[in-house]
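The values are calculated or read from the model by the stated rules, or taken from the named source; none is laboratory data. Nothing here was measured: the structure is a model prediction, and the numbers come from that model. Reconstructed Cβ throughout: ideal geometry from the backbone, glycine too, with neighbour counts over all protein chains shown. In case anyone asks, the SASA skips ligands and DNA or RNA and just uses the protein heavy atoms, side chains included. Shrake-Rupley method; radii C 1.70, N 1.55, O 1.52, S 1.80 Å.
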Amino acid sequence: MSDGQQSDGAGGDRSGFGLYSRSSSETAVGPAEVIAGVVSLIWLALVGGFFLFAGDGGSAGGSLGAVMVLVAIFLPLALIWIAVVTLRTARAMKDETQRLQAAIDAMRHAYVTQAQGGLAKSSVEKRLEEIAAAAKQAETAIATFTSRRDADAVQASADRKAAFIAPAAALAAADEQPALALGTPAESEAAPVSVADFIRALNFPDSENDREGFRALRRALDDRGLAKLIRAAQDALTLLSQDGIYMDDLRPDRARPEIWRRFAQGERGKTIAALGGVRDRSSLALTAGRMRQDTIFRDTVHHFLRLFDRTFAEFEKNATDQEIASLAETRTARAFMLLGRVTGIFD
């Protein structure tokens with residue numbers, strides 16, 4: 001800040017609104033006005049003395065001479081006061097320039113202060129995001145440590161471990177007629193679907209280049225029981241997408257695997273209410289509205305919920321807590337949490 005601004009701040013006359021007030025130096029009469037008045041008086045005295053001592057010679061020339069005399073008397077006076085007004089205007093412009101400079105300096109200082117405050121705020125937000133990420137990792141670790149472990153059994157890896165103890169085709173038996181004894185079906189001789197493929201299939205391929213996702217999906221569709229669930233999930237996700245509801249946009253609250261196990265074992269009510277962790281109000285409102293108005297959508301939802309419930313009950317018997325937590329992150333499981341909360345199966 002300039003010396004002039006420092007002196008203004010020290011005197012107390014320019015604080016607060018002083019940046020936009022008139023300068024104290026703008027007095028009604030300045031040195032220029034005093035000098036102009038003195039010079040004008042001297043000039044008038046000289047002119048008066050001239051006419052006093054000149055006698056009748058000053059009135060010669062008639063009316064034209066009188067005009068020339070008036071011009072000779074008042075023209076110098078006019079020039080003097082024009083010069084005074086010009087100096088006063090220049091001084092006012094100088095003071096205004098100083099006030100504008102002071103205002104610009106104040107704005108620059110405020111901008112720098114705000115920028116420094118923004119940097120501090122961004123650092124705080126970054127720290128909060130790091131804390132949230134660490135909390136999420138801790139939550140995942142807790143879910144892993146609370147896994148059900150059998151000391152007498154060695155768990156196979158998810159790529160080799162079967163997703164179900166019994167063949168998944170048995171899951172469809174409740175909706176179909178009893179099988180006839182016409183020989184062993186070809187699908188019963190196929191290798192069971194692994195846990196990894198089952199979870200990857202329920203999440204569906206991420207893009208057209210997701211080869212592993214398509215491989216797992218084809219593998220699951222070869223199983224008659226899983227194929228029904230996957231097609232029901234695909235129908236539900238397609239109908240939800242028509243209202244702009246996509247599972248990737250949902251961030252449901254994470255429920256502990258033990259709550260999923262209670263649900264699979266038939267518990268209902270407040271003990272499993274945490275499964276309805278979807279908090280997106282717009283998605284809940286749109287889904288609830290379509291459930292009331294669209295019969296096809298309602299039937300599709302109930303069919304999907306029934307198949308997911310039945311399939312997950314079988315999957316839970318052979319899954320670790322970590323595998324259940326991974327399943328809960330799939331698009332199919334998120335659709336189940338959204339639709340289950342709307343239909344009230346977690347109440």
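Annotations for the structure displayed:
- Checking each residue in the range 228-246 for being over 23 Å from the mean Cα position of the chain (by Cα) and surrounded by 18 or more Cβ atoms within 10 Å (Cβ to Cβ) picks out K228, L229, I230, A232, A233, A236, L237, L239, L240.
- Selection status of I259, at pLDDT 90 or above and of a type outside the set (D, E, K, R): yes
- Condition met for T144 (in a helix (DSSP H, G or I), more than 30 Å from the chain's Cα centre (by Cα) and modelled with pLDDT of 70 or more): no
- Selection of the range 290-343 for residues being β-branched (V, I, T), open to solvent by 10 Å² or more (accessible area, probe 1.4 Å) and assigned to a helix (DSSP H, G or I) yields T295, I296, T300, V342, T343.
- R281 fulfils the conditions (1) over 16 Å from A232 (Cβ atoms); (2) open to solvent by less than 20 Å² (accessible area, probe 1.4 Å) except for a single criterion, (2).
- Test: residue in the range 225-232 that is in a helix (DSSP H, G or I) and in contact with a His (Cβ under 8 Å, 6 or more places away or on another chain): yes
- Taking the range 247-278 as the range and being outside any helix (DSSP H, G or I), on the phi < 0 side of the Ramachandran plot, open to solvent by 10 Å² or more (accessible area, probe 1.4 Å) and small (G, A, S) as the test, only A255 passes.
- Answer from K136, K126, K121 - the residue that is at pLDDT below 75, closer than 30 Å to V193 by Cβ, open to solvent by 100 Å² or more (accessible area, probe 1.4 Å) and in a helix (DSSP H, G or I): K136
- The range 79-97 residues that are in a helix (DSSP H, G or I), paired with ones that are surrounded by 14 or more Cβ atoms within 10 Å (Cβ to Cβ) and of a type in the set (S, T, N, Q) (beta carbon under 7 Å, 6 or more apart): I80/S40; D95/S23
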